[in-house]
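Following: one structure in structure tokens, then a few remarks.
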Amino acid sequence: MTSDRFMKFKRRMRYAAVVLGGALALAACNGPTADKPAASGAAPAGNTSGGNLHFAVVSHGSAGDAFWNVVKNGAEAAGKQLGVQVDYKADGDPGAQAKLVDNAIAQKVDGLVVSMANPDALKTSIQNAVKAGIPVVTINSGESRSAEFGAIAHVGQNETIAGEGAGKRLKDAGKTKLLCVIHEAGNIGQNQRCDGAKQAFGNVQTLQVDINNPTDAQSRIKGAVQADPSIDAVLALNSQVAAGAVTAIKGAGSKAQVATFDLNSDVVTAIKSGDILFAVDQQQYEQGYLPIVFLKLYKENANTVGGGQPVLTGPGFVDKANVDTVAPYANRGTR
């Protein structure tokens, strides 16, 4: 990462921290409805009752996915704390995900949270939500298309910057050839991660696998490191794929080191044992929690966040130096 880009990233992270602090302070008093606006002030947008808001969260995660369960936990916790009804739906198929967005529009929800792994497939549905007067916050993927589609904010990590950070760490660890494992075809965020890693690391080979077929994914990783013994690092883009990569490398008799994106209790254990060097943590609990806060503020006080820039939740890095601090939160499903 260039020094100018790194400084810009640090400024954006400081800004995100300020936004988070302000949002949580407002959330603590259950939002602006705690104090009625002055009679001369402008009326807040949308439903101002404070007790009847209904938000929908539509992600591209699959049922039982460890990563998206944490996002769901964050959204539902925010809804409970703020007195907001939150319905979480997920489908990994872009067309089916678009239909879930259409269903939320038909239900006339007060706000919508959508992840955009495949922005083009969701464009019409999200724009229809905006036309219907439903505020949209995008999360996780599709940062570059969020404002174009009419969303009021994007919450997530910049995938290119995160990939660069991972690549730099692996290069600093003395690795010379990296295998970057993409597990969802068509997911732009995963390509951005590998591209970022290549910018910082240099010698990067990509491998396409299917997360829905873990046995085959593990076999493909094993075959890749056996075919090319010069591969001394494997970067998984998902915690479940990382576990398969560790097994694959051991089975191949390779000395390649695994690093991964995303965190769960299994990754925490593997970091402690040395089987995984580090995890890139995008703190996805915040990707569920913060949009609910932001939508409530928007509906009740016409507040927006970000100023045209994304609210960044990562990247953070978890390794042996800080894994003991993070471990309890990963085990309870909030990291």
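Each reported figure results from applying straightforward, stated rules to the coordinates on display, with no laboratory input. No experiment lies behind these values; they were computed from the predicted model shown. All Cβ positions, glycine included, derive from the backbone under ideal geometry; neighbour counts span all protein chains shown.
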How high is the FRET efficiency between residue 172 and residue 331 when r is their beta carbon distance and R₀ equals 30 Å, given to the nearest 0.05? 0.55
Backbone N under 20 Å from the residue 130 label point (7 Å along Cα→Cβ), restricted to the stretch 253-296: 291-292, 294-296
Could you sort 305-311, 289-295 so that the peptide with the highest average Cβ count within 10 Å comes first and the rest follow in order? 289-295, 305-311
Compute the Kirkwood hydrodynamic radius of the stretch 78-160, taking the inverse of the mean of 1/r over all pairs of distinct Cα atoms, and give it in Å to one decimal. 12.9
If you rank 172, 281, 266 by fewest surrounding Cβ atoms within 10 Å, what's the result? 172, 266, 281
Residue 301-residue 144 pseudo-label distance in nm [points 7 Å out on the Cα-to-Cβ vector]: 3.4
